[in-house]
Amino acid sequence: MVLNPVISKLAGKLVVLASASPRRQEILRNAGLRFEVVPSWFKETLDKGLFKAPHEYAVETAKQKALEVARRMPFKHLKTPDIVIGADTIVAVNSLILEKPVDKQDAYKMLSSLSGKEHSVFTGVAIVLCHDKDNQEVDYQMIAFYEETKVKFADLSEDMLWEYINSGEPMDKAGGYGIQALGGMLVEYVHGDFLNVVGFPLNHFCKQLDIIYNHSSSFAVEKKGSAHPLPNGSLGISILDQHSLQKGSEAEKHRSPDSSSPKLTQHIQNSSTSSPAHKVKRTSYESGVGSQSVVSNSSKHNDGESSRLTQLNRQQQTEQRGTENQPKTQDLKRICELMDGFKASKALFTASKFCMFDLLHNKPGLDAAEVAEEIKASVKGTECLLEACVSLGLLKIKDKAHPKPLFENTDLATSFLRSDAPFSLHGYIQHCSETLWPLFSHLESAVQEGVSQHQRVKRQKELCQDPVCSSQELKLRFMSGMHSFAKITAAAVATAFDLSRFRTACDLGGCTGAMAHELVKAHPGMSVTVFDLPAVVEMKEHFLQRNTDNKVSFVAGDFLKDELPKADLYILARVLHDLTDEKLHILLSKIAQTASSGCGLLLSEIFLDEDRGGPSRGLLQALSLSEGKQRSAGEYKLLLERHGFITAHTRHTGHLLDAMLSVKA
Ligand SMILES: O=c1[nH]cc([C@@H]2O[C@H](COP(=O)(O)OP(=O)(O)OP(=O)(O)O)[C@@H](O)[C@H]2O)c(=O)[nH]1
């Protein structure tokens, strides 16, 4: 197709988008690019203070995201991509960098700082070209650039701000708004590339591809003001940063007379310090890429600093590659993290069981003895637990000058671990502790037998004469776990698609109605029926929620046996992965029979990567060996197609659950 001559250059190559952002995926997919999505594990925690300008931060983060995936894939996915694309979008206002808000209050702070003002949106993009060598080595080359768009917000009233925040839209968006959706209403003008604000500067990207594949000689060009090619450092990568290279005719001006002949690879290698570290051995995958960016950036500073950095660099290399007598620090850390993971989980479960986070929220600054007294536990044990929680980032020391350590919650604990926090995971943590933990302690048997260990756990409890919970208590505990998980995930699922055309919805297995409430909040024209077992529906009063204009109602029934309520949209959130194939087909056939053509089916699950290489959350969940199984988006799509539902959209939300919207043909 004439429109995408550059995109078509990538046909037949393994292109990987190192991003969980559904918007980036959509922009690139709409442009006709075929790619795999492997979200980056790089944590966006670079020290912003180290960057002279906001765009440098975005570019460096984009590089680290892409690099992490490029380096992980040969080991974890057993294949080397040809190209990995990473991106990072930030908002800059009043010399502050705004990323995604961590909670509603944070979103409020961000949006009020943007009200009535112009700000800049920067998206840094990194393209890593990978070359698999015969000798088990991979060569990496990096091209990085950024795009800036100016956006002006109208004056925002408090009501407007809160209404927008409560829509749930701001939470996974840089600067706390989505210009492509409701957030568009806040915007007075946009100067520059709109898609850059949404998360990916498609035009600049295509121009960059054009340079890579059609005019490779202009690669060595450094535009005035752009970041310098970075020394190879510990990464062993050739790196070029380009800033708006195509703005005006910079690329043209700098292109060598014979623009078609020199090969990109040669050019990049010539333009950077050549070093044996240019190649990265496939036999070592290092996940700790975070610190490298600091070296890369600081390497632009003065000489004294750069020799210190060279030293640091060498030390890092040893740490990252190890020596004959010493294992790699990063590897060792990773293994220890895995070995100790269960201790951390159990510390969290125990602190949560003792309601320690509620206690320290109400009375911040207690010492170990005071906490011990309140939770009726030993001082020694409490002290160990408190200190462990500090090391895990759940608690902090209030006043370091005080002779005895005084403890208080970190923001993380305040947001998620208090039992009355809006996004409390308290109920789900108790479910993990009381139900999943015992199951996983029989993992060996589960793997040997291939079945869930529920019965074994039950028998063991009876043998040990453990206090038996009444079935009512068990039900309540289960519902409370599901409720807290649903409250955290529902907004991302409810807002993943434009569902405004559906007036009525039915949430099958909708439990306490947490998803239903989010749906009616996000889609004001919709009313939702929650359909669940009578035993569940009768307990719904324990989870009272503000019923938006009575738009949420409950119907008791068994979705495998009873007639389903009529609706324009059916919702299956975390239902299918738990059902046997037989039950799953019964349920889907029943929905297909009840739904008329044009009806929607909103599915929400963890979608496994198509090659089942991740994400770990899904694969670890499968180890509970329930009757069902974890599937990829492709597998769900096929299943739904068999029942006459054609998938319209798939969203890897980057949140805890992904979503798929299908329509009855
Ligand atoms: O108007 C809009 N502005 C921004 C967005 C979305 O915001 C996020 C920015 O976050 P980031 O660059 O860190 O990317 P992530 O979503 O975390 O995904 P990665 O896996 O790539 O780190 C981005 O999703 C933008 O699309 C928007 O939607 N509208």
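Here are the numbers:
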{"item": "Among the candidates Lys79, Lys100, residue that is within 15 Å of the ligand (Cβ to nearest atom), of a type in the set (D, E, K, R) and open to solvent by 40 Å² or more (accessible area, probe 1.4 Å)", "result": "Lys100"}
{"item": "Any helices (runs of 4 or more DSSP H) falling wholly within region 420-479 and containing at least 1 residues that are under 24 Å from Leu544 (Cα atoms) and open to solvent by less than 40 Å² (accessible area, probe 1.4 Å)", "result": "426-431"}
{"item": "Among (1) outside any helix (DSSP H, G or I); (2) more than 11 Å from the ligand (Cβ to nearest atom), the one test that Ser112 misses", "result": "(1)"}
{"item": "Residues satisfying the stated conditions in region 164-179, i.e. more than 6 Å from the ligand (Cβ to nearest atom) and not in a helix (DSSP H, G or I)", "result": "Ser167, Gly168"}
{"item": "Subset of region 16-30 that is more than 10 Å from the ligand (Cβ to nearest atom) and either among the basic types (Lys, Arg) or open to solvent by less than 20 Å² (accessible area, probe 1.4 Å) (or both) - its residue that is farthest from Glu60 (Cα to Cα)", "result": "Arg29"}
{"item": "Any hit, region 147-154, residues being within 19 Å of His523 (Cβ to Cβ), polar (S, T, N, Q), within 15 Å of the ligand (Cβ to nearest atom) and not in a helix (DSSP H, G or I)", "result": "no"}
{"item": "Residues satisfying the stated conditions in region 82-97, i.e. within 13 Å of Gln141 (Cα to Cα), open to solvent by less than 10 Å² (accessible area, probe 1.4 Å) and more than 11 Å from the ligand (Cβ to nearest atom)", "result": "Ile83, Val84"}
{"item": "Criterion violated by Asp507 - all others in (1) closer than 23 Å to Asn166 by Cβ; (2) not in a strand (DSSP E or B) satisfied", "result": "(2)"}
{"item": "Residue within region 147-161 that is among the charged types (D, E, K, R), more than 19 Å from Val198 (Cα to Cα) and surrounded by 15 or more Cβ atoms within 10 Å (Cβ to Cβ) present", "result": "no"}
{"item": "Matching residues in region 635-657 - criterion: being charged (D, E, K, R) and either crowded, with 20+ Cβ neighbours inside 10 Å or in contact with a Cys (Cβ under 8 Å, 6 or more places away or on another chain) (or both)", "result": "Arg651"}
{"item": "Wholly enclosed strands (runs of 3 or more DSSP E) of region 511-586 bearing at least 3 residues without any contact (Cβ under 8 Å) to a residue 12 or more places away in the chain and over 17 Å from Thr495 (Cβ atoms)", "result": "none"}
{"item": "Search result, residues across region 34-58 that are more than 10 Å from the ligand (Cβ to nearest atom) and open to solvent by less than 10 Å² (accessible area, probe 1.4 Å)", "result": "Tyr57"}
{"item": "Count of residues meeting criterion [of a type in the set (Phe, Trp, Tyr) and either surrounded by fewer than 16 Cβ atoms within 10 Å (Cβ to Cβ) or touching a strand residue (DSSP E or B) at 6+ places or on another chain (Cβ under 6 Å) (or both)] in region 376-419", "result": "1"}
{"item": "Number of positions in region 334-358 that are open to solvent by 50 Å² or more (accessible area, probe 1.4 Å) and touching a residue at least 60 places away in the same chain (Cβ under 8 Å)", "result": "3"}
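Rundown of residues vs (1) touching a strand residue (DSSP E or B) at 6+ places or on another chain (Cβ under 9 Å); (2) outside any loop (DSSP other than H, G, I, E, B); (3) of a type outside the set (A, V, I, L, M), yes/no style:
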residue	(1), (2), (3)
Tyr140	yes, yes, yes
Ala144	yes, yes, no
Asp159	no, yes, yes
Tyr189	yes, yes, yes
His204	yes, yes, yes
Ile211	yes, yes, no
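The values are calculated or read from the model by the stated rules, or taken from the named source; none is laboratory data. Since this is a predicted model, take the numbers as computed values, not measurements. All Cβ positions, glycine included, derive from the backbone under ideal geometry; neighbour counts span all protein chains shown. Surface areas here come from the heavy atoms of the whole protein model, side chains and all, with no ligands, DNA or RNA. Shrake-Rupley method; radii C 1.70, N 1.55, O 1.52, S 1.80 Å.
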